[in-house]
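What follows is a single structure, written as structure tokens, with notes after it.
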């Protein structure tokens, strides 16, 4: 599955766009103004996404990668 396919499936599954996830991550204090905070670990974000949105590990990691700046 391509990176873009992961992102597309996440939006279909959760109803949240990538911009929505960015706002949620900011609201939880993991990032500020779109930049992940120093010391924020992938495991923290992945665990939250799995618990609150019932995403699998690969899909949660795709969101983390997006938040870190990956776009392709």
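Of all residues in the range 46-72, count the ones that are farther than 21 Å from residue 2 by Cβ and surrounded by 18 or more Cβ atoms within 10 Å (Cβ to Cβ).
0
Taking into account only those residues within the range 21-45 that are touching a strand residue (DSSP E or B) at 6+ places or on another chain (Cβ under 9 Å) and without any contact (Cβ under 8 Å) to a residue 12 or more places away in the chain, which is surrounded by the fewest Cβ atoms within 10 Å (Cβ to Cβ)? Step by step, filter the range 21-45, then rank; the result is 37. Taking every residue in the range 1-16 that is touching a residue at least 60 places away in the same chain (Cβ under 8 Å) and pairing it with any residue that is in a helix (DSSP H, G or I) and surrounded by fewer than 13 Cβ atoms within 10 Å (Cβ to Cβ), at least 6 positions away or on another chain, yields no pair with a Cβ-Cβ distance below 9 Å.
Read-outs throughout are calculated quantities, based only on the coordinates presented, and are distinct from any laboratory measurement. This structure is a prediction, so every number in the text was calculated from the model and none was measured. Every residue, glycine among them, receives a Cβ derived from its backbone with ideal geometry; neighbour counts consider all protein chains shown.
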